[in-house]
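Report on one structure; see the data block that follows.
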Amino acid sequence: MATRTKDVQTDTEELVTATESRAPAKQPLIVPADQPVAFPLQLPEFSARLKTPAVGQRATRPDGRLHGLGQTQYIDDITFPHLIHAKVLRSAHPHARIISIDMSAAEALPGVLATLTGKEIPVNSFGPTLQDQPVLAAEVVRHRGDGVAAVAALTEQIATDALELIKVEYEPLQPVFDPLEALEDDSPKIHGGDTNVYTSKVIKKGDVEKALAEADHVFHRQFQTQAVEHVPIEPHASIASWDANGRVSVWSSLGRITLGREDLARTLDLPQSKIRLIGTIVGGNFGGKNEITNEPILAMLSRKTGRPVKSVFTRGDEFISSTIRHPFTMDYTTGVMNDGLIIARKIRLVLDGGAYCSWTATTIGKGSILAAGPYNIENLLVEAYAVYTNKTTTGAMRGFGAPQVCFAYESQMDDIAHKLGMDPLEIRLKNAFTEGSASPTSQTLQSVAVKESLVQASERFGWKEWQR
Amino acid sequence: MIKRGRGMACMWYPIGFTVAANPSAATVKVNTDGTATVLTGTVETGQGALTVLGQIAAETLGVATDDVHVVSGDTDTTPMDTGAIASRTTYVTGNAVVLAAEKAREILFEAAAPLLGVRPDQLEARDRKIQVLGFPAKYVDIATAAKHSENVLGCPSIGSATYNPPTVAMDPETGQGKPFSTYVYATQIAEVEVDDETGQVEVLRIVAVHDCGTPINPMLVEGQIEGGISMGVGFALHEEILFKDGAQINPNLTNYIMPTSLDMPELEVELVDNYDPTGPFGAKGAGEPTAVPTAAAIMNAIFDAVGVRITSLPATAEKVLGGIMELQAS
C-alpha cells in the first residue's frame, strides 16, 4: 500500500469543503470576547474517525481542532490564584568554583517572595543514567547554562530584576571546549578523575584489520557535525504547587512523567505518593523535554512561599540551559572490493558531550549500533567515546546520534560509488540488509525494507531517467 | 552558474532505546454504550500519539476511532509509561494497549457467548459488534454485550496490561546482542541547485519513502515525515549553535537560522508496504527516523551538482563556495 501526499490533500480538501464539518451556519464559530466559544464538532459521515476497522484510517486528531481554535492549554495559559513567577540566574563562567552567593540584595527587592540556592535542594543531582547534573550548581559551574540561584517574585519582571542583584563570587577554573582536546591527558578534568571520557562503546565483528588489508580499495574520511537545538515552539515550562498536606502538584511540559516523578521524588527527597506530575499538552519536544529542569526549583520555592510558582523558559534559556544535539567527530575507514562489495568498516566516533551526561548513554549506543549503515559488513569495528566539555549539555534529540552517523556512512557510500564508477543506487542495493540479515550486533533482522525503500524512492524520483 | 544535482541516502533506525528496560502499561475500559476509555502515562507531544493509541484500542475492540477517548499524562490517574521518547509510543505503548484491550474484550466475549449460544473463543469484535466467527449474522451489539456484562453479570469490561520489548544485553567487549526488538528503514532522495558563484544551495525536491510497518494512521506518519525533513534541511544547511569561549553567541531565532516554509522543498512522501509481526497490528514507529537521512541525501546531491564533498555540517554557502574554489584551483 503506497500512500501519497496528494491523497492527504484530497482528504483535507474534502474536509474543508464539507459543510457538515462546520458549525451551524447562522451561529458564529467564535464569539468576540475574551472567552472564545467553539461549537461541538459534528463529524461528517465520511470522517475516518467514524469508520471501522480503525487501523489504517486517516483519522483526524481531536487535539488538532483545539490547537486550531487556540483552545489548547499550554503551561503559559494555565494560572492559579496567588501564582508567582520564578527566574534562574545562569553561570557567568564556563568553568568555575563558586566561592559565595549573596542573595541579600535580591531578597530585599520589593515583590521578591523567596530565593533558592543549590545547597537548599535535598538531593542536588539528577540525570537519566548518570546523576552528574546539579539542579542548581552549588560548588562548581561546568557550563554557561548552569543555574546558580533562583528567585520567586510577584511578577516575572521583578524576578528578572532580582537576578541582577544576586552577587556570586567565582574562582575561574581552566575550561576545555574542544572534545579532542578534552581527550588529552593534560586537559582539565571537568568532573574530576583522570579522564573526561564518561561513557564509551565498542561493536566488534570479524577481523577488520585483516579485511582492510585484503580490500581492493580503502576509503578514509573524517566527518563532523554541529550543535543544534530542538527549538520547540513552546519552551520548557512548569508550575509547582505545594499544598498544606505536604503534597506537591507539578504541571510540566515534560514528555515522560513517570520518570519525571522519580527524579522529583529523588531531588526533593519525597515519597512518590506525595507528588502528582501532570504532563500538559506539549508544544514540541523532539527529545529536548525528556528530563526535569526547573521542576524541583519551583517545588522548593512553592514550599517556601505557600504559593503556586510558574516558570517559562525564555528562548535564550531554551538554547543555553536545555540540552542540544551531540556534535560528532567521525573517522570512517572502509574496505571495498572492485565489484563494490564492502568487506570492512572501521569507525571511531567522538561525541562532544558538553557539561553533563544527560541522554548520552542512549545516543552513544544508537550511534554506535547504527554507525555502519543498513549494510551487510562482515568485518566491523566501531569505537565510540563521549567526552565532557565546558559547553551546553547534549542530550536526547530526534534520532539519538543517527542523523550524525547517517551523514557519514551515506556520504562515504557515494564517495565509493564515484571512485568505482558505480551508480549510487546499485552500490546500496549490492550491500543492503535483506530479511534475516545479521546486524552489527549479530541480531537477526525481521521486517527489513531497506531495498524496497531504495527501489520505491528511485522509481518515484525517476532516478534512472533523471537528467541534469 | 546554477548547477543541478541529485543525491540519495538510506538509513535504518531502532524502535525504543538501549541501556534500560523500556516498559509501558495501559488500561482500557469499555463503557456500557460500547465506547471506551484508554488510560496511558505517555504524553501528547504534538506527534498524534494519543490518536494512534485510540485507533489501536478501537481496532482491538472492533469499534471506530471516535468511540475511544484517551486519557494521558497524570501520575495520579494513569499507569506507568517510559514516555514520549525514542519513537517507542506506537510500538511499546501500542502493544500494551492491545494487551489491555484484549483483556477488556475477553470480558465482553464471556458475557456475549451465552447470549449467542457459543463459546467465548468462537467470537470476534468487529464493526461495533460481537459476532460469531464465520457467522457474522449471529451477533450482539458491543453496547448490548457491555451493558449485559456490567449491569446484569456485574463484570465491568476493563483490562490492564504491560509490555516491555524483549532484548538481549550487549556484550561489553564486543557489543554483540539484541539491543532492540525491531528496526525501521527509509530512503530519501534530494534534488538541489547550487550556485557555483555564491555557494548557495537550494533544495528543490525531496522524495521520502519510509517503512514504519503497518501505518496505524497514514496521515500522521506523513506528517511526521514532512516535519522530520524540515529538521533535516535545517541540520543540513542552516542550523548551528556557535560558541565563543564556551558561551553561545547566537541563542536566539534572529541569528540561529532555521528553515522556514520558504526554504522547504517540494516533498513527495510514500510508505513502504510492510508488516512487523512483533508490533501492534504490524506497526513499528515513525517519529525520529524521518529526520535521519535528509542531510546525507542533500550532501550527496551537492556533490553530484558541483563535485564538492562537504565533510562538516551545516553546508553553508561559504563552505560550498570554498570547496568549489578549491576544485577550480586544483
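The values are calculated or read from the model by the stated rules, or taken from the named source; none is laboratory data. Worth saying up front: this structure is predicted, and the values here are computed from it rather than measured. Heads up, the Cβs are rebuilt from the backbone with ideal geometry, glycines too, and the neighbour counts pull from every protein chain shown.
Could you say whether any residue in the stretch B:110-129 is under 24 Å from A:Pro44 (Cα atoms) and either free of Cβ contacts under 8 Å to residues at least 24 places away in the same chain or more than 9 Å from chain A (Cβ to nearest Cβ) (or both)? Before the answer, list the steps.
In the first step, residues of the stretch B:110-129 are kept if they are under 24 Å from A:Pro44 (Cα atoms); the result is B:126-129.
Still in the running and either free of Cβ contacts under 8 Å to residues at least 24 places away in the same chain or more than 9 Å from chain A (Cβ to nearest Cβ) (or both): B:129.
Yes - at least one qualifying residue is present in the stretch B:110-129.
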query = Among the numbered criteria (1) within 27 Å of the chain's Cα centre (by Cα); (2) of a type outside the set (Val, Ile, Thr); (3) farther than 26 Å from A:Thr360 by Cα; (4) at pLDDT 95 or above, which single criterion is violated by A:Ala114?
reply = (1)
message = Which of the numbered conditions does B:Leu262 fail, given that it passes all the others? Conditions: (1) within 25 Å of the chain's Cα centre (by Cα); (2) surrounded by fewer than 24 Cβ atoms within 10 Å (Cβ to Cβ); (3) part of a helix (DSSP H, G or I); (4) more than 7 Å from chain A (Cβ to nearest Cβ).
response = (1)
key: Enumeration of residues in the stretch B:115-127 that are buried (at least 18 other Cβ atoms within 10 Å of the Cβ) and of a type in the set (Gly, Ala, Ser)   = B:Ala125
request  = Out of B:Thr254, B:Thr316, report the one residue that is over 23 Å from A:Lys419 (Cα atoms) and either facing chain A (nearest Cβ under 7 Å) or surrounded by fewer than 17 Cβ atoms within 10 Å (Cβ to Cβ) (or both).
outcome  = B:Thr254
request  = Sort out for me the helices (runs of 4 or more DSSP H) sitting completely within the stretch A:339-455 that have 1 or more residues that are without any contact (Cβ under 8 Å) to a residue 12 or more places away in the chain and within 7 Å of another protein chain (Cβ to nearest Cβ).
outcome  = A:402-420, A:424-431
key: Hey, A:Ile278 out of contact with any Pro (no Cβ under 6 Å at 6 or more places or on another chain) and within 27 Å of B:Thr40 (Cβ to Cβ) or not   = yes
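A quick yes/no check of all residues on (1) surrounded by 15 or more Cβ atoms within 10 Å (Cβ to Cβ); (2) of a type in the set (A, V, I, L, M, F, W, C); (3) in contact (Cβ under 8 Å) with a residue 60 or more places away in the chain; (4) farther than 21 Å from A:Asp317 by Cβ:
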| site | (1), (2), (3), (4) |
| --- | --- |
| A:Ala59 | yes, yes, no, yes |
| A:Ser100 | no, no, yes, yes |
| A:Glu107 | yes, no, no, yes |
| A:Thr117 | yes, no, no, no |
note = Of (1) over 16 Å from A:Ala59 (Cα atoms); (2) more than 8 Å from chain A (Cβ to nearest Cβ), B:Gly73 satisfies every one except (2)
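Can B:Val192 be described as part of a strand (DSSP E or B) and under 13 Å from the mean Cα position of the chain (by Cα)? Let's see the steps before the verdict.
Numbers: part of a strand (DSSP E or B): yes; under 13 Å from the mean Cα position of the chain (by Cα): no.
Here the answer is no, as B:Val192 does not meet what is asked.
Looking only at residues in the stretch B:204-221 that are in contact (Cβ under 8 Å) with a residue 12 or more places away in the chain and of a type in the set (A, V, I, L, M), which one is surrounded by the fewest Cβ atoms within 10 Å (Cβ to Cβ)?
Taking the stretch B:204-221 as the starting set, the residues that turn out to be in contact (Cβ under 8 Å) with a residue 12 or more places away in the chain are B:204-218, B:220-221.
From what's left, of a type in the set (A, V, I, L, M): B:204, B:206-209, B:216, B:220-221.
Working: B:Leu204: 13, B:Ile206: 28, B:Val207: 26, B:Ala208: 28, B:Val209: 28, B:Ile216: 30, B:Leu220: 22, B:Val221: 25.
Here the residue is B:Leu204.
If I filter the stretch A:265-281 for residues that are assigned to a loop (DSSP other than H, G, I, E, B), within 10 Å of chain B (Cβ to nearest Cβ) and of a type in the set (A, V, I, L, M), do I get at least one hit? First the steps, then the outcome.
Taking the stretch A:265-281 as the starting set, the residues that turn out to be assigned to a loop (DSSP other than H, G, I, E, B) are A:269-271, A:280-281.
After this cut, where a residue has to be within 10 Å of chain B (Cβ to nearest Cβ) as well, the list is A:280-281.
Within this subset, residues satisfying the condition of being of a type in the set (A, V, I, L, M) are A:281.
The answer is yes, given that some residue of the stretch A:265-281 is assigned to a loop (DSSP other than H, G, I, E, B), within 10 Å of chain B (Cβ to nearest Cβ) and of a type in the set (A, V, I, L, M).
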